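J.: Have a look at this one.
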Amino acid sequence: MMAADGNTVLLGIGNVLWADEGFGPHVVARLQERGDLPPAVELVDGGTQGLYLLPLVQDAARMIVFDAVDFGRPPGEMVVLRDGAIPAFFGQRPLSLHQTGFTDVLAAAELTGRCPRAITLIGVQYANIETWGGGLSAAVAAAIDPAIEMSRRELQSWKEMPHA
Amino acid sequence: MTQTKTPNGFTLDDSGRRIALDPVTRIEGHMRVEVNIDGSNVIRNAVSVGTMWRGLEPIMKGRDPRDAWAFVQRICGVCTGVHALASIRAVENALAIQIPTNANTIRNIMHLALYVHDHLVHFYHLHALDWVDVVSALSASPKATSELQQSISPWPHSSPGYFKDVQDRVRKLVGSGQLGPFRNGYWGHATYKLPPAANLMAVAHYIEALNFQREIVKIQAVFGGKNPHPMWLVGGVPSAINMHATGSSGASINVERMNLVASVAAQSLAFIEQVYIPDLLAIASFYPEWFKHGGGLASQNLLSYGEFPTRANDDSNASLMLPRGAIVNGDLKTLHEVDLRDPAHVQEFVPHSWYRYPDDKAGLHPWDGLTEVDFRLGAKTRQTPDKIEAFDESAKYSYIKAPRWKGHAMETGPLARMVIAYAGGNARVKELVDGALGKLGLPLTALFSTLGRTAARGLEAQWAAEQLVEQVAYLQATIKGGNESTANTEKWSPTTWPATAKGVGFCEAPRGALGHWLHIKNQKIENYQCVVPTTWNASPRDAQGNIGAYEAALLGVPLADPKKPLEILRVIHSFDPCLACATHVIGPDGGELTVARVL
């Protein structure tokens, strides 16, 4: 499942055991069920693997990251950040350790001279990240499909997918 | 009374200034450390606080035991494989499921590859910057660095031009203000001792190790079908062997993939022999005092559950490559038997933990374990409406329970495993340990220290890479002999199970002894308890007042500057706590002095 050079990667990060923190992996699961992505797009549930995701980031030419975020907005609201704005955001307001870890992955990729040409974060404001074993809150679960739609538009802008 | 003596022989004095380091991790290692320092800034009291309830156990109840591994592997981002392995072993133990030889070998290969990977990442990316000053590396002469490199290792990346290039890249990163992994370091701290050339060499290898780790994970992907989150299977391994298959179709193991695994194993060993070990010895030689500080429990009590069965379904010490056992009171001549099923061996206590037992003074074996939260702060807690400045360690003060082996607080991890293997007569381990200590001119007892712990991890990485090469060759030979079986599905159907069963799964994770205990009732999980390595090492006090490994290791450590407690990071990081932690240092008046980052 290692990405070949030049791949586009859709990556969901977060902990599925912590309610809304599992938003990213839940998006990946939904995309897997649908099974309608072009073959050149790789789908990865990154969990909370931090630095262990480095090879994936190094090999990706373009990357979309799904994650729960805290922008102090109404639960379920979507936030899109691109390229240089991402590490700065995670660096200032890390929701949890996996985001600190992911900032380090991006910096490490840069240090090794191998990072994606384009990277987009599709974040969704969480409602609840405290309930152990809990699933997504209703507001965040409802944001999965819009987040997927947003990623399609992003892929189209990268010319990965034909226009509908 | 400010001075007390613990039953396990340590003197605590809480009269001095208190410093709190509060990480914000949400993973297994979510913890905080508080210390009291005397007038000379030497640590005289230490308090290890687990600040988050893991809460895993209740969510396991009612689940299918065959799926348990998939849930427990999400406990922690870094330790996924070890929880999965402990879980499937616990289920197999409960249901008396025998696994095929190939499954045992493949699990050994995946687990050995994890040791290599984890130890390498820990040394370079989580611990090295406690010893290596990145900013000093910018002033190094590339030529001097090249000479240093060539004097300690045949590693080919050693030209002045190569080090100049690395230096330029780091300078660019530092100059951009986006320090990335190098932010929040105590650069320029008085206790950094490496000359600039050694700093630059280590930074170059920091980057090389980042690039190299991508190779090692390929082993998990080959046998686990994917990475991250490789697949596991009760009764064996999920990947089928088909040496005649070609290409990358399905998840089967074929000739091409076995060759890839063999190649990665050989590269891993070369990297450890030519980069990791020479760096470890070079860095250690500049810090002799750290072979004295931070020993804590290490010179007394060490615990290992044992790992790497050479024979499938045999976890006796005759079969285990690294033995199971306990060393007590520093007596290296006696390796005590450890029985995870015996209710008197492993017990967890909660008088200082935020849990409720029917009898707070009594310990409970994990099979009878309870996870009922009881958050209460002691009367001497210092707090503002917003935050707690200092916990009261005379009362309950941690979400971590206090595990004890026959009543003893124990240290677990690579140091424990290497010393127990050494004491148990493992010839290769003895050779590696004696060789490294000989080069540094140190006695065996020097292992019982901060850098001893760090050195033991490096030597274990070398041992693991050697075994990895051998296990891959063994798997290839077994398959060539016609045995392609990887799973036993005889008891896959729950209808074959007894109405009730209980089991225990052991696993020596890279950072120490891990156990999963479970009860199965009517085909579902009735009770599930994990005792993880960090629980042993970061343990709070018990009913008798015995302190745990972190608490003991911090005692006597001098701080050059209490506002920049780099020394505390050195000690705690030497145990390989689970993940990165951001820390806050709080002054005596409760004001936040500085923010440290524990990498």
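Read-outs: derived from the displayed coordinates by stated rules, not from any lab. As the structure is a computational prediction, the values presented were derived from the model and not from experiment. Heads up, the Cβs are rebuilt from the backbone with ideal geometry, glycines too, and the neighbour counts pull from every protein chain shown.
J.: Take the Cα atoms of the protein assembly as shown, build their convex hull, and give its volume per residue in Å³.
T.: For the protein assembly as shown, the hull spanned by Cα atoms encloses 157 Å³ per residue.
J.: Need the C-alpha centroid separation for the range B:98-159 versus the range B:357-414, integer Å.
T.: 36 Å
J.: Let me ask something additional. Can you give the mean number of other chain Cβ atoms that lie within 10 Å of the Cβ atoms in peptide A:15-21? Let's see the in-between values first.
T.: Details: counts 6, 3, 9, 3, 0, 0, 1.
Average per residue, whole number: 3.
J.: In straight Cα distance, which aspartates and glutamates are under 14 Å from B:K521, not counting same-chain residues fewer than 8 positions off?
T.: Cross-link targets: B:D64.
J.: Taking only C-alpha pairs under 8 Å that are 6+ residues apart, what is the relative contact order of the range B:238-322 in percent? Mind dumping the intermediate values first?
T.: Working: 43 pairs, mean separation 11.2, N = 85.
The value is 13 percent.
J.: So, one more: Among the listed pairs B:K401/B:K491; B:K5/B:K361; B:K172/B:K218; B:K406/B:K491, which are separated by more than 29 Å between their Cα atoms?
T.: Values: B:K401/B:K491 35 Å; B:K5/B:K361 20 Å; B:K172/B:K218 31 Å; B:K406/B:K491 35 Å.
Pairs exceeding the cut-off: B:K401/B:K491; B:K172/B:K218; B:K406/B:K491.
J.: Looking at chain B, what % of the alpha carbon pairs are farther apart than 31 Å?
T.: Considering chain B, 49 percent of its Cα-Cα pairs are separated by more than 31 Å.
J.: Lysines within cross-link reach of B:K430: Cα-Cα under 24 Å, excluding same-chain residues under 8 positions apart?
T.: Hits, sequence-local ones excluded: B:K292, B:K333, B:K439.
J.: What ranking of B:D342, B:D279 emerges when the number of other C-beta atoms within 10 Å of each C-beta is taken as an exposure proxy, fewest first?
T.: Values: B:D342 11, B:D279 27.
Fewest-to-most ranking of B:D342, B:D279: B:D342, B:D279.
J.: Would you kindly derive the ³J(HN,Hα) couplings of the range B:509-523 from the backbone phi angles with the Karplus curve 6.51 cos²θ - 1.76 cosθ + 1.60 (θ = phi - 60°), listing them in order in whole Hz, with x for Gly and Pro?
T.: Karplus-based 3J(HN,Hα) across the range B:509-523 equals 6, x, 9, x, 6, 10, x, 10, 10, 9, 10, 10, 9, 6, 6 Hz.
J.: Moving to a separate point now. How many partner chain Cβ atoms sit within 10 Å of a residue's Cβ in peptide B:163-173, on average, as a whole number? Numbers along the way, then the final one.
T.: Values: counts 0, 0, 1, 1, 0, 0, 4, 1, 0, 2, 3.
Mean partner shielding for this stretch: 1.
J.: Which aspartates and glutamates, if any, have their Cα less than 20 Å from the Cα of B:K387, not counting same-chain residues under 8 positions apart?
T.: Qualifying aspartates and glutamates at Cα under 20 Å: A:E130, B:D22, B:E34, B:D374, B:D589, B:E592.
J.: Further question on the same structure: About the Cα centre of the protein assembly as shown, what is the dipole size in debye to 20, counting +1 per Lys and Arg Cβ and -1 per Asp and Glu Cβ, all else neutral?
T.: 220 debye
J.: Which is farthest toward the positive dipole end of the protein assembly as shown among B:W187, A:P25, B:G294, measuring Cα position about the Cα centre, with Cβ charges +1 (Lys, Arg) and -1 (Asp, Glu)?
T.: It is B:W187, whose Cα lies furthest towards the positive end.
J.: B:L444 to B:E256: extension gain in nm, 0.36 nm per residue of separation minus the Cα-Cα distance? The partial results should precede the final answer.
T.: Working: separation 188, 0.36 × 188 = 67.68 nm, distance 4.37 nm.
Using 0.36 nm per residue and subtracting the Cα-Cα distance, I get 63.3 nm.
J.: Now, a different point. Can you compute the helix-only [θ] at 222 nm over chain B? Use -39500 (n - 2.57) per DSSP H run of at least 4 residues, normalise by all residues, nearest 500 deg cm²/dmol.
T.: On the way: 16 runs with 208 residues, N = 599.
Taking each H run of at least 4 residues, the total per residue is -11000 deg cm²/dmol.
J.: For A:L43, enumerate residues with amide H under 5 Å from its amide H, sequence gap 5+ or separate chain, H modeled in the peptide plane.
T.: For A:L43, whose amide H was placed from the backbone, the distant partners under 5 Å are A:L10.
J.: If you count, for every residue in B:200-210, the Cβ atoms of partner chains within 10 Å of its Cβ, what is the mean? Please list the in-between numbers first.
T.: Working: counts 0, 0, 0, 1, 0, 0, 2, 4, 1, 0, 10.
Mean partner-chain Cβ count within 10 Å for B:200-210: 2.
J.: ³J(HN,Hα) across the range B:267-277 via Karplus (A = 6.51, B = -1.76, C = 1.60, θ = phi - 60°), whole Hz, x for Gly/Pro?
T.: Along the range B:267-277, the couplings run 5, 4, 4, 4, 5, 5, 5, 9, 10, 4, 5 Hz.
J.: With r as the distance between the Cβ atoms of B:F286 and B:K406 and R0 = 30 Å, compute the FRET efficiency 1/(1 + (r/R0)^6) and round to 0.05.
T.: On the way: r = 40 Å, r/R0 = 1.32.
Computed FRET efficiency for B:K406 and B:F286: 0.15.
J.: While we're looking at this one, here's another question. Write down the percent of antiparallel bridges among all DSSP beta bridges whose residues are both part of the range A:7-157, to the nearest 5. Intermediate results must be reported in sequence, preceding the final value.
T.: On the way: 6 of 26 bridges.
So the antiparallel bridges amount to about 25 percent of the total.
J.: Under the 0.36 nm per residue contour assumption, what length would be gained going from the current alpha-carbon distance of B:D359 and B:A245 to full extension? Walk me through the numbers on the way to the answer.
T.: Details: separation 114, 0.36 × 114 = 41.04 nm, distance 5.97 nm.
Value of the extension gain: 35.1 nm.
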